[in-house]
Amino acid sequence: MKALVKKHARPGLWLEDVPEPEIGVNDVLIKVDRTGICGTDLHIEMWDDWAQKTIPVPMVVGHEFVGEIVEVGSNVHDFFPGEIVSGEGHVVCGHCRNCLAGRRHLCADTMGIGVNRPGAFAEYISVPMSNVWHHSPEIDLDIASIFDPFGNAVHTALSFDVLGEDVLITGAGPIGCMATAICQYAGARYVVVTDVNPYRLDLARTMGATRVVDVRNERVADVQKELGMKEGFDVGLEMSGNENAFREMLENMCHGGKIAMLGIPDHEIPIDWNTVIFNMLTIKGIYGREMYETWYKMTVMVQGGLDIAPVITHRFHASEFQKGFDAMRSGECGKVILDWKE
Ligand code: NAD
Ligand code: ZN
């Protein structure tokens with residue numbers, strides 16, 4: 001089968017013929033229909049420090065996908081060929097304390113699809129049945145293919161109550177833009193979104209931001225005044241990984257404000273801890289998605305009318321993957337979809 005492989009320990013990805021994955025008794029074999037490119041895939045393609053430390057070569061990459069089940073292992077009784085499914089990208093250990101308690105997203109020993117085990121940028125992928133999510137028929141296939149990053153957005157945005165609250169989102173990448181739509185759907189009052197990229201700020205506006213802020217030439221504190229806010233944001237969603245963004249968020253929270261941190265900084269960030277202490281802020285780290293509460297919420301919100309389709313801005317056939325990665329690198333994009341059907 002064709003697959004996008006990190007074949008050599010240097011920048012690039014290679015579209016190669018590789019053997020079809022074999023399935024074990026507990027596995028499900030899925031014919032991949034379409035996939036989303038994640039920032040992680042771009043790190044692997046560019047072969048940055050993180051990728052060099054993390055990715056064993058060769059490795060089939062990619063983890064955002066939707067496809068059709070073609071075969072199931074002998075121990076699999078809840079999934080059947082022909083069903084449309086996605087895969088949860090984190091394969092948990094199943095026997096640590098958190099896993100046993102049903103808090104699988106808190107597993108301390110996860111494996112990443114397309115990171116530590118063969119991924120979804122391929123014609124077929126094999127995943128354990130415990131990682132398969134069965135899509136409801138009314139979920140559009142494009143949306144289904146990005147349930148993984150959509151889930152990051154939902155997990156973060158719904159970490160704290162947003163009904164009637166003022167929300168600050170730092171970073172209008174695909175996840176920040178999806179979080180914007182989710183917060184509006186969930187009843188937030190104001191959703192203010194910051195970035196340094198005009199294309200992405202436009203996208204955030206399209207997806208429902210009350211106000212977008214280009215922090216190269218505007219301050220969040222001034223926007224608070226403009227909106228008539230007196231006490232700061234109730235909820236902060238950090239989705240940039242940028243230290244200045246995080247600091248400005250800390251300065252603009254209300255007393256007792258709650259921050260969910262998804263963005264991954266590439267270095268340590270010193271902050272003024274007195275702000276956290278005297279303003280009594282709560283800071284919660286977010287990793288992945290809750291299994292499978294987040295997936296359930298995504299499904300129900302889409303069924304209820306949440307529209308995240310505008311976040312998909314580009315699509316290419318897998319044979320043109322390079323164009324997809326170029327779009328990602330440019331920053332002038334939302335989600336980029338790769339089609340794996342002939
Ligand atoms: P992205 O890199 O596409 O988006 C980040 C955005 O932040 C970009 O649009 C960038 O222009 C913007 N930005 C840069 N400097 C800024 C500043 N000073 N102020 C405001 N915005 C600024 O990433 P994404 O795919 O949307 O993901 C968002 C973040 O979440 C990334 O850091 C990613 O690594 C991280 N992530 C975490 C998890 C997790 O499980 N914790 C999962 C997926 C992604
Ligand atoms: Zn575990």
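If packing is taken as the mean number of other Cβ atoms within 10 Å per residue, what is the order of 181-192, 155-166, highest first?
So the peptides 181-192, 155-166, ranked by packing, come out 181-192, 155-166.
Throw me the Rg/Rh for the chain, computed over C-alpha atoms with Kirkwood Rh, two decimals.
0.97
Any idea how far the Cα center of the range 17-41 sits from the one of the range 72-108, in Å?
Taking the Cα centre of each part, the range 17-41 and the range 72-108 sit 15 Å apart.
Relative to the first principal axis of the alpha-carbon coordinates of the chain, what is the inclination of helix 147-157, with its axis defined by its Cα atoms, in degrees from 0 to 90 and to the nearest 10?
Once rounded, one gets 30 degrees.
Using a 7 Å offset from the Cα along the Cα-to-Cβ direction at both Val276 and Glu243, what is the distance between the two label points in nm, to one decimal?
It works out to 1.5 nm between the two label points.
Which whole-Hz couplings ³J(HN,Hα) result when phi for each residue of the range 236-245 is put into the Karplus expression 6.51 cos²θ - 1.76 cosθ + 1.60, θ = phi - 60°, listed in order with x for Gly and Pro?
With coefficients 6.51, -1.76 and 1.60, one gets x, 10, 8, 10, 10, x, 9, 5, 5, 4 Hz.
Could you work out the relative contact order of the chain, using alpha carbon pairs under 8 angstrom and six or more residues apart, expressed as a whole percent? Mind dumping the intermediate values first?
On the way: 766 pairs, mean separation 59.7, N = 342.
The normalised contact order for the chain reaches 17 percent.
If you fit an axis through the alpha-carbon atoms of helix 293-303 and take the longest principal axis of the Cα set of the chain, what angle between them do you get, 0 to 90°, nearest 10?
So the helix axis and the longest Cα principal axis differ by about 80 degrees.
Semi-axes of the equivalent ellipsoid for the range 155-285, please: Cα gyration tensor eigenvalues, times 5, square-rooted, ordered largest first, whole Å.
Details: eigenvalues 73, 54, 43 Å².
In descending order the semi-axes read 19, 16, 15 Å.
Would you kindly derive the ³J(HN,Hα) couplings of the range 63-71 from the backbone phi angles with the Karplus curve 6.51 cos²θ - 1.76 cosθ + 1.60 (θ = phi - 60°), listing them in order in whole Hz, with x for Gly and Pro?
The phi angles translate into 9, 9, 7, 9, x, 10, 5, 10, 7 Hz.
Would you mind getting me the FRET efficiency between His95 and Asp222? Use the beta-carbon distance for r and R0 = 45 Å, nearest 0.05.
The pair His95/Asp222 has a calculated efficiency of 0.30.
Placing +1 at every Lys and Arg Cβ and -1 at every Asp and Glu Cβ, with all other atoms neutral, what dipole size does the chain have around its Cα centre, in debye to the nearest 20?
440 debye
Per-residue HN-Hα couplings for the range 171-185, Karplus 6.51 cos²θ - 1.76 cosθ + 1.60 at θ = phi - 60°, whole Hz, x for Gly and Pro?
Values, residue by residue: x, 9, x, x, 6, x, 5, 5, 4, 4, 5, 5, 4, 4, 4 Hz.
Calculate the spin-label point distance for Asp266 paired with Asp307, positioning each point 7 Å from the Cα along the beta-carbon direction, and give it in nanometres.
Output for this residue pair reads 3.6 nm.
Does anyone have the angle between helix 321-330 and the longest principal axis of the chain? Alpha-carbon axes, 0 to 90°, nearest 10?
Tilt of helix 321-330: around 10 degrees.
Cα centroids of the range 172-235 and the range 261-313: how far apart, whole angstrom?
First find each Cα centre; the distance between them is then 14 Å.
So, counting K/R as plus one and D/E as minus one, what does the shell of residues with Cβ under 13 Å around Gly324 add up to?
-2
Run the helix sum for the chain: -39,500 (n - 2.57) per DSSP H stretch of 4+ residues, divided by residue count, reported at 222 nm to the nearest 500 deg cm²/dmol.
That calculation yields -8000 deg cm²/dmol at 222 nm.
What full-extension length gain, to one decimal in nm, is calculated for His255 and Tyr296 as 0.36 nm per residue of separation minus the Cα-Cα distance?
Working: separation 41, 0.36 × 41 = 14.76 nm, distance 3.21 nm.
Fully extending the segment from His255 to Tyr296 adds 11.6 nm.
What length, rounded to one decimal in nm, is gained on full extension from His134 through to His8, with 0.36 nm per residue of separation minus their alpha-carbon distance? Before the final figure, lay out each step's value.
On the way: separation 126, 0.36 × 126 = 45.36 nm, distance 3.45 nm.
Extra length available between His134 and His8 comes to 41.9 nm.
Read-outs throughout are calculated quantities, based only on the coordinates presented, and are distinct from any laboratory measurement. What you are looking at is a predicted structure, and each value in this text was computed from that prediction instead of being measured. Neighbour counts run over all protein chains shown; Cβ positions are idealised from the backbone, glycine included.
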